[in-house]
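Working notes, beginning with the structure itself.
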Amino acid sequence: MPSTLKAVRTRTTAATVTALLAVAACSGSGEAGGTEHDETETSESTAEGASPSSPTTQSEAPNIERPGGDGPPLTETEDDLGSRCAAPDGVSNDPQTMRAAIELINALPKPVSIACLVQSLARPLRVFPTASPFSAQPAQGTSNPRVFIFSGEALILSVVPAGVGRDMLELSQLTSVSRSVKAEIPFPITENVTDAQITAHLEHNGGTVCALCHSTEIPIAGDEFFTGALESDALRPVPAFDVTLDTLRLAYEQCDDDQDPIRCEILDALFEPGELVYQAFPEEMRTFY
């Protein structure tokens, strides 16, 4: 089902403005003899080519087969990511390990974007937003925070909607409250992710680039990790950079598709499939500095 947040969102796009101007030209000022309509309803119906007096409803839209055949049919009013980016049968949308996360990425239809992966994750989505710039995936202020996504008991993913780290997915799997295995995968994904690609991407001075911030790297083996994985110190963001869910929600609601469609797509993928809940890092975990 489409999110209620999507229904009340008031993004102004070029297509909507053009449609409203066309309606105004045909109907005059609209101050006499017209019927008043909700602004959102009018803009949506005219943008789809429908009359303001008879807006298109979801029930009138053509049905589309839902992936996997489960649940009621999709409609054209639902976001394309929602109809395309869903875990296929036999693949979990709630990965518990790094290996399971890679399996999900490889199972999604290619090319796979960051937004597509986020869209596919099970809800409620447990998140922790931070405005901290101290990372290889730095936040770009409170309106473009780094968002940590908690999956299972130990897996943490992170994304940012803007900036130099926007095309990277950061993964961390806790082995204890103070240690974790890290990975970084560049997006979009056009071919299946392999262990060799992850290892090669992270290589730096005999270890990984993660060691620049996360010290004491040592090899670790396990079916839940990729081959060649290294364990190092786990760190949490400094509390001074914490961002509230309300602030993140405001960034979503005010995002302009025309100005930055990729940013909006990532924010959409966080909010529209279902509930977001706040998840704090363990207080026992050391902060970045």
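What follows draws every value from the coordinates through simple rules; no lab data is involved. Everything numeric in this text was worked out from a predicted model, so none of it was measured. All Cβ positions, even for glycine, are placed from backbone atoms using ideal geometry, and neighbour counts span all protein chains on display.
What to note about this one:
- Cβ-placed point charges (K, R +1; D, E -1), dipole of region 84-278 about Cα centre in debye, nearest 20: 260
- Each residue of region 243-260 is assigned a 3J(HN,Hα), and the resulting list reads 10, 7, 5, 5, 5, 5, 4, 5, 4, 5, 5, 9, 5, 9, 4, 5, 6, 8 Hz, derived from the Karplus form 6.51 cos²θ - 1.76 cosθ + 1.60 (θ = phi - 60°), x at Gly and Pro.
- Evaluating 6.51 cos²θ - 1.76 cosθ + 1.60 at θ = phi - 60° for every residue in region 85-91, the Karplus couplings come out as 9, 10, 5, x, 4, x, 10 Hz, glycine and proline recorded as x.
- Computed Kirkwood radius, in angstrom, where 1/r is averaged over Cα pairs of region 84-278: 16.9
- Cα convex hull volume per residue for region 217-289 (Å³): 179
- Rounded Å value of the spacing that divides the Cα centres of region 215-289 and region 144-183: 5
- Listing I262, I218, I185 from fewest to most neighbouring C-beta atoms within 10 Å gives I218, I262, I185.
- Note on A221/E253: beta-carbon distance plugged into 1/(1 + (r/R0)^6) with R0 of 51 Å gives a FRET efficiency of 0.65.
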